[in-house]
Amino acid sequence: MRLGGVCALALLFAAGPALGAEQFESRLSPSPLTDGTRVNIAGEGRARAELDGNKLTLNADFHGLASNATTAELYDGPGIGIPGPKAFDLTVTPATSGQVTGSVTLTSRQAAAVRHGHFYVQINSQKAPDGNLTGWLLPPHPEASQDVPVAGPGFLPQFDVPAK
Amino acid sequence: MTMKKLLVPSVLAATLASVSAIALDGGPFTADQSRQGRALYAANCAQCHGAQLQGAGEAPALSGATFIAAWGNRSSDELYNLVKASMPYGNGNSLDADTYRRIVTYVLAANGAKPGSATFTGAEKVKINSVADGKMPAELAQTPAAAGGGAARPATSYPPGRFGVTVAGSLKSYDPVTDQMLAHPKDADWLMYRRTYQGWSHSPLSQINSANVKTIQLAWSWAMNEGGASEVTPIVHDGIMFLSNVANTVQALDARTGELIWENRIGPAPTRAYGATRSIALYGDKVFVPTTDAKLYALDAKTGKIVWQSVIEDAREGYSNTGGAIAIHGKILVGLTYCNRYEVKHCFISAYDADTGKVAWRFKTIALKGEPGGDSWNNLPDEFRQGAETWIAGTYDPELNTTYWGTAQAKPWTRASRDSAGGATLYANSTLALDPDNGTLKWYWSHAPGENFDLDEVFERVLVDHGPSKDLLTIGKVGILWKLNRVTGKYEDSAQTLFQNVFDKIDPKTGVPTYRKDIQDAKLGDWISSCPGPAGGHDWPATSYDPKTDLMIIPLHQSCVLMRADPMEKKIGVGGDAGSQRLFEMPGTDGNLGKLAAYNTTTMKALWSFQQKAPFLTGVLTTDGGVGFVGDFDRRFRAFETATGKTLWQTRLPTSAQGHVVSYAVDGKQYIAVESGLGGGSPVGKPTTLMPQVHHPNNGAAIFVFALPDN
């Protein structure tokens, strides 16, 4: 019984966020888009990541691609919204909807980059091999309710312009 | 068995090789397709892109080195998909698929691609520079497409009709507009672009308030000209609404009933699917109309008849006016736009005598060699210093006798394309403080020295006093709200209104921004990220300042771009923007392109904000009733509480809410007027790409006027 209780507790922790781990999230949206590529670059998704020490665990779901997903990757950009080199491969369902998963060990610099919002997820597909869905991993923030005012400027990720 | 296994891939490889060889032998289209495409290009495309496919204004070149630089490494199916989805401008997918196919084959042929035996379907993935080298065949160059293809027409159709005074009528009386009226307008009037010289877009009327706005209803509506861009500001004086339409048509309407009194179709019909007249001006007994063909007309306010006309610049060279006008001391001040070709001429602000139309002065917005600021262009020859358009009318401080104008970025868009290195490219993307009597520059302040992304800082300059401090507020596409001292031009403060990654530092004392290192180092061909992208941040949908709450209400757009600097041949007559763009969602916005934010202009802190999927496409109006109004891309027109941002009332219009919302009163009754319409440049084009799920009809231009019920 006692062992069973411990196992249940362990499972509970395994399913939920690790204690003290930092959380990140992102909407995955079609990009990069032009009117010429829009027919092949479609869909959306949402990614959630957890940074526990130097271990980053990522889960994402996606749907609505115009062709089957082929690869998914984590990229290490020089800043929020700025593309950079590929850092890690992830596992992706080879379909127009599915999941992305991955667990990677980061260097200290990479972990700092994640904390600064520089890492992003990219899903590629058959018709969009150079990028279909993309999203920058940022700290959790309330998703804006349509038309509902909030106090202040709302969620405003800071680049490196110092706040006054 | 083994042999068979080996043979199959070999046969496949040989087949693929032969397909590739056939594709390289000629373009992936037949001669019939490109021949028919030529006439279709002339009918649907040549007005914007030029008979020789040379490009003009915002329409990129579709031939030559510029086209190959932008498209050589891309495939024919992407070109087809782009043209089909987005052309004619603002009317994507409005032609049949075969028409699009033929037009694309003509573009390929005009770039040297030779016809082949296969019919182009649009799905062929042929790398464009494998079949085309940008050299137009002599037979096509000698007889331009417009001449050979029959009558050219605008990208969108304009109802045919004669020009001139098409509806004759006369106002029973007209009280001439004086300097005193412009400085202190009657509460009931809306005499200029942003209502007051200070650019507030605020009405002191309060009959409609936050408690009763939910009961407002349509008082009248009026269909407007279709077939072009429209971002109108209705101008109202003593119960008469002067309304500018597509094709430089001006109408006088009874502002209480919508009854037409006179109409003058000045013309010409729109030659571009973009570039709207944002405002006309009133002074004395005349209505002043800066037209899209770069002329200034004075109409008799009572009859609409032309009193005089003056040429601002030669429209045959692509120049235009979209920014409207401001009347100061008997002079009409106007800007100029589409100064993006290499020429010996440069963009300017100019003033005209209100009585005669005679040019009073011109201020050139580009600093040339040997002039103050002329060392900010990396030693480029004068003819290759372009841009700094003034496509938003200025504001004015009567006490300081100073008029304030913003300028657009240098052209081409990127440092690498224009070879301006780290130079500030003065007076691009600056605030200019001018003496309205003689055009003398009093001071300037550069908001974005050496801009690199089509991020204009051209928009409205809003004049606000904070105690003894005489301030100027403005916000550009980067989304930084700037506060300057309007006496000295010194930086006072700034606030970041949405995510931006263009500047990595703003000096807290001087306000001088520092561009990200990779932007500074960018070379031709590099894809460089910019958040926000070319729709802003903030764009032409203007702010409103509410003096009661000291709040500036700012419409914002949230999307990003990857921009590639394309080469631009240094040759007179050549020109354009030379930047390829790929759009993406702004990080952290969850797909909300629209944001409305209220900033206290003393503290520069945001009091409230809200986001929504659709970006805003009207200027904001605030009123003394504590209620504001704004409209959006998704056809919604809403009233909100100024102090809180809470939506109080909303309705849907036939197509995008567009232009500039105004309020006026006739016989003691307050009205709210808003346009629905099309066009509008990046603020319309970018969401069209990013939000295909939002549908707005390609017609439906009209003015809608709302009021409280009579009882």
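Details
- Sorted by Cβ neighbour density within 10 Å, fewest at the top, the residues A:His63, B:His49: A:His63, B:His49
- Per-selection metrics, chain B (Cα): Rg and Dmax in Å: 25.7, 99
- Distance from the Cα centroid of the range B:647-702 to that of the range B:406-434 is 32 Å (rounded to whole angstrom).
- Sparse-neighbour loop sites [trypsin sites (Lys or Arg not before Pro); the range B:159-204; at most 10 other C-beta within 10 Å; DSSP]: B:Arg162, B:Lys172
- Structural size metrics of the protein assembly as shown, computed from C-alpha coordinates, are Rg and Dmax of 27.9, 100 Å.
- MRE, 222 nm, helices only [DSSP H, n ≥ 4, -39500 (n - 2.57), over chain B, to nearest 500]: -4000 deg cm²/dmol
- Mean separation of Cα contacts under 8 Å (6+ apart) over length of chain B, as relative contact order %: 12
- 10 Å Cβ neighbours from other chains, averaged over peptide B:577-587: 6
- Based on the Kirkwood approach, the hydrodynamic radius assigned to the range A:48-142 is 13.3 Å, with every pair of different Cα atoms included.
- With coordinates expressed along the principal axes, the C-alpha atoms belonging to the range B:263-388 extend over 52, 34, 19 Å, beginning with the largest.
- Residue among A:Asp61, A:Asp35, A:Asp76 with the largest mean-square fluctuation in a Gaussian network model of chain A, springs linking Cα atoms under 10 Å: A:Asp35
- Near B:Gly423, the amide H atoms lying under 5 Å from its own belong to B:Asn378; only residues 5 or more places off or on other chains count, and H is placed 1.01 Å from N.
- Estimated from helical segments only, the mean residue ellipticity of chain A at 222 nm is -4000 deg cm²/dmol, where each DSSP H run of four or more residues counts as -39500 (n - 2.57).
- Counted charge near A:Tyr75, where neighbours are those whose Cβ lies closer than 13 Å (Asp, Glu -1; Lys, Arg +1): -3
- When chain A is treated as a Gaussian network with alpha carbon springs shorter than 10 Å, the biggest mean-square fluctuation among A:Gly84, A:Gly36, A:Gly53 belongs to A:Gly36.
- Residue-wise HN-Hα couplings along the range B:127-137, as the Karplus relation 6.51 cos²θ - 1.76 cosθ + 1.60 with θ = phi - 60° gives them from phi, are 5, 5, 6, 7, 10, 10, 10, x, 8, 6, x Hz; Gly and Pro carry x.
- C-alpha long axis of helix B:76-86 to longest principal axis of chain B, angle in °: 20
- Disulfide-incompatible cysteines by the Cβ rule (no partner under 4.7 Å) in chain B: B:Cys45, B:Cys48
- A straight chain from B:Thr510 to B:Asp550 at 0.36 nm per residue would run longer than the Cα-Cα distance by 12.0 nm.
- Each residue of the range B:641-658 was assigned a 3J(HN,Hα) from its phi angle through the Karplus expression (A = 6.51, B = -1.76, C = 1.60, θ = phi - 60°), giving 7, 4, 6, 10, x, 5, 6, 10, 6, 7, 8, 10, 9, x, 9, 3, 5, 8 Hz with x at Gly and Pro.
- Distances between placed amide hydrogens fall under 5 Å for A:Thr70 paired with A:Asn124, A:Ser125, A:Gln126, all partners being 5 or more residues away or on another chain.
- Annotation: amide H of B:Gly116 within the under-5 Å range of B:Gly27, B:Phe29, B:Thr30, B:Ala31, sequence separation 5 or more or interchain, hydrogens built in the peptide plane.
- Förster-model FRET efficiency, 51 Å R0, B:Leu260 and A:Asp89, C-beta, rounded to 0.05: 0.15
- With contacts taken as Cα pairs under 8 Å and at least 6 residues apart, chain A reaches a relative contact order of 24 percent.
- Computed from phi, the 3J(HN,Hα) profile of the range B:452-464 under the Karplus parametrisation 6.51, -1.76, 1.60 (θ = phi - 60°) reads 9, 9, 6, 9, 5, 10, 8, 7, 4, 9, 9, 9, 9 Hz, with x in place of Gly and Pro.
- For chain A, the share of alpha carbon pairs falling in successive 10 Å distance bins from zero is 10, 34, 33, 18, 5, 1, 0 percent.
- Straightening the chain between B:Ser206 and B:Ser221 buys 3.2 nm, computed as 0.36 nm per residue apart minus the Cα-Cα spacing.
- Note on B:639-646: average number of Cβ atoms from other chains within 10 Å of each residue's Cβ is 2.
- Kirkwood Rh in Å, taken over all unlike Cα pairs in the range B:19-145: 14.0
Every number in this text was worked out from the coordinates using simple rules, so none of it is lab data. Computed from a predicted structure; not experimentally measured. FYI the Cβ positions are ideal-geometry reconstructions off the backbone, even for glycines, and counts take in every protein chain you see.
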